[in-house]
Amino acid sequence: MSDLTGAARWLEPAADMAPRRNIWLACLIALTALLVFGNLANDAVLDVKYGWDVRVNCAAVDAHVAGLDPYVVKNLKGTRLSYPYLPVTLDVFRPLCAGGVLVGHYRGAFFALAVLCGLLLPGLGRGRPRARDVGLRVFCALGAFVGFEWVQASGNFAILSGVLTAIALRLLLSQPPSRTPEHRSSPLHLAGAALLGLVMSFKLVFFPVLAALYFLPLPRGRKLVLMAVAAFSFALPILISWLGYPDLFASWQLAMAGKIPDQHVLDLFELNPSLLLLVRDLMTHAGLGDSKPAILAVYAFGALALVLMPFALSVFRAVASRPLREGETLLARLDRWLIDRPRAAMRITVLAMFALYLCSPRLKEYAFFELALYAAILLADLPATALAAVLTVGLLVPSLNSLVGHSIEGSYLLLFAATACFWILLLDFRAEPKRLDQQAADA
């Protein structure tokens, strides 16, 4: 076949989700839940000193309060790791670190915040949320790609950006789509775009995710305004840090460039399960790993070939099924298709965010928690077979691997699992790009 239509026919329609025909799916969900929560419980009883990131962050806040430079590691008590965030975050995090309460009790707080993320995430299908769908989103937030396990083990503040991401997505996606988008409530979209931009400034490398806002079911002018608001919001913490904390901003730049001697340096090629590092390792084994430009070029090609181009071609295929108006450009045709099929457009928006996040050159293990949030939105509305595949690949296999004690750090299991889930989600979209809108019309 010239496309993936034949490969997508294995996906079952959502109408086949009758309980009596899906006892096997209920058993799979129960087994996966047992492994996910068993894995988290196993981590809780291990005699290991977790929470290295939360200790670094709060040590940096304490150093800042004491008038010391928090970007010089020797000024941080109890750690040899460096503080990576912008200077403005030192005052933002100060209430969280006051009195050392968070350092001592972060595990319970992080678990509650992860559950809150799942509860805040919007649905894309029916207007009225179902308990089953909400439960699946919470389950995915806690268990997908063992991202939350790494957040909880390290005490990484990705949990905070995860909460803000969930709120931003609810503001951007949860409004009931209308056939007259010019009458929709724009303040919520503006707030969501601004909040998403702030989240991206937390970890600068994920900034391209903001481009996915173009797929929202809105007129082009309004989408460009949202993207501009998000970009300004992304730049604002950098601007505040530069103008309000000039000395600390200079130290932050030196730390990021690795120019402060004798301390931990954040490096683009630092150990992490990203596509960039996979390419570097493969080229090193082939004897071609000495040239960083060559590695970056192959990485860009791999990201395009494995993720971005298949996504773009799938969207183009769906849009091309609509008759072309005389004089209409391809971009205008896309805009019209998105507005006419709002729930499909929101589905594409989240899938684009998933794809762009997945292609990040520095995708640390804990960052898979935020990737799990995008997957959680798409998971609940999948047909039975696709849902089972995502549960198996994205939750069951990584949790089982971690539970039996196999090290995930230094391997690419999480990258392979997330990429496989992306392809399952993409195949589902190619099979039935208008399914969610049809469900809404039938409801």
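Brief remarks follow.
- Adding -39500 (n - 2.57) for every DSSP H run of four residues or longer, then dividing by how many residues the chain holds, sets the calculated 222 nm ellipticity at -19500 deg cm²/dmol.
- A simple rule links phi to the HN-Hα coupling: the Karplus curve 6.51 cos²θ - 1.76 cosθ + 1.60 with θ = phi - 60°, which for region 275-284 gives 5, 4, 5, 4, 4, 4, 5, 5, 6, 5 Hz, with x for Gly and Pro.
- Amide H contacts under 5 Å for Asn272, placed H, 5+ residues apart: none
- With respect to the chain, whose longest principal axis is taken over its alpha-carbon atoms, helix 158-173 is tilted by about 30°.
- Anisotropy class of region 203-340 from Cα gyration tensor, a/c 1.5 cut: oblate
- Top of Arg341, Arg325, Arg132 by mean-square fluctuation, Gaussian network on the chain, Cα under 10 Å: Arg325
- Residues considered: Phe157, Phe148, Phe215. Largest GNM mean-square fluctuation over the chain, using C-alpha springs under 10 Å, is found at Phe157.
- Accessible surface of the chain [probe 1.4 Å, protein heavy atoms]: carbon and sulfur percent: 66
- Highest average first, the peptides 82-91, 101-110, 255-264 ordered by how many other beta carbon atoms sit within 10 Å of their residues are 82-91, 101-110, 255-264.
- Peptides ranked, highest mean first, by Cβ atoms within 10 Å: ranges 133-141, 409-417, 205-213: 133-141, 205-213, 409-417
- Sequence-ordered 3J(HN,Hα) estimates for region 219-228 from the Karplus curve with 6.51, -1.76 and 1.60 and θ = phi - 60° stand at x, 4, x, 5, 5, 5, 5, 4, 5, 5 Hz, glycine and proline given as x.
- Folded to 0 to 90 degrees: helix 246-256 orientation relative to the chain principal axis, Cα: 70
- Candidates Ala286, Ala352, Ala230: whichever shows maximal mean-square fluctuation once the chain is modelled as a Gaussian network with Cα springs under 10 Å: Ala286
- Take the Cα of Glu270, step 7 Å toward its Cβ, do the same at Ala300, and the gap between the two points is 2.5 nm.
- Computed 3J(HN,Hα) for region 64-71, one whole-Hz value per residue from the Karplus formula 6.51 cos²θ - 1.76 cosθ + 1.60 where θ = phi - 60°, is 5, 4, 7, x, 9, 7, x, 8, glycine and proline marked x.
- Dipole size of region 304-369 about its Cα centre, with +1 on Lys/Arg Cβ and -1 on Asp/Glu Cβ: approximately 120 debye, rounded to the nearest 20.
- Rounded if a/c under 1.5, otherwise prolate or oblate - region 81-233, Cα gyration tensor axes: oblate
- Anisotropy class of region 226-306 from Cα gyration tensor, a/c 1.5 cut: oblate
- Cβ-derived FRET efficiency at R0 45 Å, Ala286 paired with Asp91, nearest 0.05: 0.40
The values are calculated or read from the model by the stated rules, or taken from the named source; none is laboratory data. Please read all numbers here as calculations on a predicted model, not as lab measurements. In this analysis, Cβ positions are derived from the backbone assuming ideal geometry, glycine residues included, and neighbour counts consider all displayed protein chains. Surface areas here come from the heavy atoms of the whole protein model, side chains and all, with no ligands, DNA or RNA. Shrake-Rupley method; radii C 1.70, N 1.55, O 1.52, S 1.80 Å.
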